[in-house]
1. Could you check the stretch 147-172 and list, in sequence order, the residues that are in contact (Cβ under 8 Å) with a residue 60 or more places away in the chain and closer than 11 Å to Ile101 by Cβ?
2. Pairs please, first residue from the stretch 233-256 and over 22 Å from Arg288 (Cβ atoms), second anywhere and surrounded by 14 or more Cβ atoms within 10 Å (Cβ to Cβ), Cβ atoms under 6 Å, 6+ apart in sequence or on different chains.
3. How about the stretch 204-245: which of its residues are of a type outside the set (Gly, Ala, Ser), more than 37 Å from the chain's Cα centre (by Cα), farther than 26 Å from Ala143 by Cβ and not in a loop (DSSP other than H, G, I, E, B)?
4. Starting from residues that are out of contact with any Phe, Trp or Tyr (no Cβ under 8 Å at 6 or more places or on another chain) and assigned to a helix (DSSP H, G or I), keep the ones in the stretch 268-283 and report whichever is nearest to Lys316 (Cα to Cα).
5. Out of Thr160, Thr194, which single residue is among the polar types (S, T, N, Q) and closer than 19 Å to Phe307 by Cα?
6. Against the definition (touching a residue at least 12 places away in the same chain (Cβ under 8 Å) and among the charged types (D, E, K, R)), how does Arg222 come out, yes or no?
7. Picking from Gly273, Gly319, Gly299, which residue would you name as being more than 28 Å from the chain's Cα centre (by Cα), on the phi > 0 side of the Ramachandran plot and touching a residue at least 12 places away in the same chain (Cβ under 8 Å)?
8. Name the single residue, out of those in the stretch 277-288 being of a type outside the set (D, E, K, R) and modelled with pLDDT of 95 or more, that is surrounded by the fewest Cβ atoms within 10 Å (Cβ to Cβ).
Amino acid sequence: MDPHSWNMQAPPVISGGEKEYFGVGQRSQSPPPRRGKFRILLILAVGLGLVWIVLLLKVVGSVLVPRSIRPGVGEIRLREYVIEPGPVANRIAVIRVEGIITRSYGSGVLDMVDLIKAQLDAAGKDASIRAVILSINSPGGEALAADMISSFIKNFQERTGKPVIAQMGSIAASGGYYIAAPCRWIVAHKMTLTGSIGVIFGTVNYRGLMDKLGLRPMIYKRGQFKDMLSGMREPDSIKPEEEQMVISWLDEVYEQFKSVVRQGRNSAFKSSGGRALSENWEEFADGRILSGQQAYELGFVDELGDFQVAVARAKKFIGVTEAEVFEYRPRFGLLAMIGLESLSQRRSITLDLGIKLPKLEPGKVYFLPPPLFGSAN
């Protein structure tokens, strides 16, 4: 075959990621493709797109909900959502307490105690806010968290002179009632589950399981009672004086609970003409759950009704017939604005009892009704 009839370049052959061309007595390489500039342009385009999305979300958020405040407690930011329009010179703030009262919601979720304090602080600083409605739908929770919220409410009323009206939803038992007790007025529905005035503490002894698994605990301590609540101990080794220490401690917390109820109800009776506690009220402060109707008859609540009844009572306290009613809501970041924050949180299967059951932690004292904690001897 005539070599001059060959093409000067044959089709390329891929070798080692480079294109090599073979012709007559020569070898050449094509210049590398210019991909660097394309990648840089792509990165810049994506970055500018994200910036525009963030700016657009901020603009939309400011248009839909123009009013926002920052009360200065940590990084908590609050927004106001109007429930009932009215004169902005007379406003009623609604603070919601829903679910288990706790200080340990977990990472990524606002602390309940700090959030309620931030809302009370904001309501105290705003002269247009004349009253607060504490809307409670909670079975209780940690004793410490409930006591802190109760103290915030009591101090708020004393410091500002603004009344706090507690409005009970489906349930406001134990710790839920604890935070309602210092309020100037308590409204409950006749079907509300409330009461459960008491304190409960529990731990788990798993020594029997350890023995079956062949595990032997090695404990080193200084202090006779340092391991008195340890679940690794033999049940027979628990001394009577240890049980008495725990009972004495619980008695102290229980008496504190009754003191909060007594002081709060007496104050409401004297200052606002609320219902007085019945003479035998302590007989019903034994941990039992009461209906709203029973609580009303015993003087634990002042009025039967729903949220609108609480609003009407707040207006009566401040001497107006019309007022703007709004609620505080926390202002979240970008993920929450686009609805992705909930997707980033871990999910778990729960029993559908209308409320999320608490994950009780050893070593903490709780104000909870018996069905949520379990029976005790």
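The values are calculated or read from the model by the stated rules, or taken from the named source; none is laboratory data. Predicted model, so just to flag it, every value in this text is computed and none were measured. So basically every Cβ, Gly included, is an ideal-geometry build from the backbone, and we count neighbours across all protein chains shown.
1. Asp147, Ser150 - these are the residues of the stretch 147-172 that are in contact (Cβ under 8 Å) with a residue 60 or more places away in the chain and closer than 11 Å to Ile101 by Cβ.
2. Glu234/Arg207; Pro235/Asn205; Glu242/Met228
3. If the condition is that a residue be of a type outside the set (Gly, Ala, Ser), more than 37 Å from the chain's Cα centre (by Cα), farther than 26 Å from Ala143 by Cβ and not in a loop (DSSP other than H, G, I, E, B), then Asp211, Lys212, Leu213, Asp236 are the ones that fit.
4. So, considering only residues that are out of contact with any Phe, Trp or Tyr (no Cβ under 8 Å at 6 or more places or on another chain) and assigned to a helix (DSSP H, G or I), the one nearest to Lys316 (Cα to Cα) is Ser271.
5. Thr194
6. no
7. Answer to the check: Gly299.
8. Quick first cut of the stretch 277-288, residues of a type outside the set (D, E, K, R) only: 277-278, 280-281, 284-285, 287.
Subsequent filtering for residues that are modelled with pLDDT of 95 or more retains 277-278, 280-281, 284-285.
Values: Leu277: 20, Ser278: 13, Asn280: 9, Trp281: 17, Phe284: 18, Ala285: 22.
Looking at residues that are of a type outside the set (D, E, K, R) and modelled with pLDDT of 95 or more, I get Asn280.
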